[in-house]
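Every read-out reported here was derived from the displayed coordinates using simple, explicitly stated rules and does not represent laboratory data. It should be emphasised that the depicted structure is a prediction, and the values quoted were computed from it without experimental measurement. Virtual Cβ from ideal backbone geometry, glycine too; neighbours counted across all protein chains shown.
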Amino acid sequence: MPDDESRWLVHGSRPIYESEWIKLYMTDVELPDGQRFEHHTVWMPSAAMTAMLNDDLTHVLLMWRHRFVPDLWNWELPGGLVDEGEEPAVTAAREIEEETGYRPRSVEHLLTFEPMIGMVNTPHHVFIARGAERVGEPTEKTEMQRMEWVPLAQVPSLIEQGLVSNSGTLVALLHVLAISGPAAGRR
């Protein structure tokens, strides 16, 4: 159970910058020992990403893409921002189809996490899809350089090599490997 004696109190916040993509605030907080100060906080929209496994549950669909902010290439899962009023599971299925041209046979919620919990409020919803049907070409043409069905057994090596940098992708893939058991690493 949470211990209210260690809870930080929020006395209010004021916006510094706001857009549909990001909101930056100065938040008046008080620590349990009585210290009070302003702390930068950020709100960003929720995101949903999916580890989509093939019908045999032996491969995961990954996209090789460039991220301009850190200027790096890495393997990522299909995913994107949750539209206002949209359920994260709907976002997950929509993003898979838009980005890859595949339609998942099933989509199951695994977990929700906060990637930068100390300063940023941006829930990330992680899903697993089992099985997929090719329904066309991706409609999002700028999302990736290429996509590949990667054997689950190769995923630990990709992570060790630093080729998976996206927090949602890391969380999802590590979770899939954990629930798949040791056999996933040997296929």
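Here are some notes:
- Loop GluC sites (Glu not before Pro), the stretch 1-47, which have at most 14 other Cβ atoms in a 10 Å radius of their Cβ (DSSP): GLU20
- P(r) weight above 15 Å for the stretch 1-51, C-alpha pairs, percent: 59
- Between GLU98 and PHE113, full extension at 0.36 nm per residue minus the direct alpha carbon distance yields a gain of 3.0 nm.
- Nearest-20 debye value, the chain charge dipole, Cβ charges on Lys, Arg, Asp, Glu: 660
- Debye equation applied to the C-alpha atoms of the stretch 72-166, log10 I(q)/I(0) at 0.15, 0.17, 0.21, 0.25 Å⁻¹: -0.70, -0.90, -1.32, -1.48
- In the chain the longest region clear of chymotrypsin sites (Phe, Trp or Tyr not before Pro) that are loop-assigned by DSSP and have at most 12 other C-beta atoms within 10 Å covers 69-187.
- Convex hull volume of the stretch 1-158 per residue (C-alpha atoms, cubic angstrom): 169
- Label-to-label distance for SER165 and TRP149 is 2.9 nm, based on points extended 7 Å past Cα in the beta-carbon direction.
- GluC sites (Glu not before Pro) restricted to DSSP loop in the stretch 68-107 with at most 11 other C-beta within 10 Å: GLU84
- Taking only the C-alpha atoms of the stretch 114-187, the Rg (one decimal) and the largest Cα-Cα distance, Dmax (whole number), read 14.6, 41 Å.
- The fraction of all Cα pairs in the stretch 38-120 landing in successive 5 Å bins from 0 to the largest distance is 3, 12, 20, 22, 20, 13, 6, 3, 1, 0, 0, given as whole percents.
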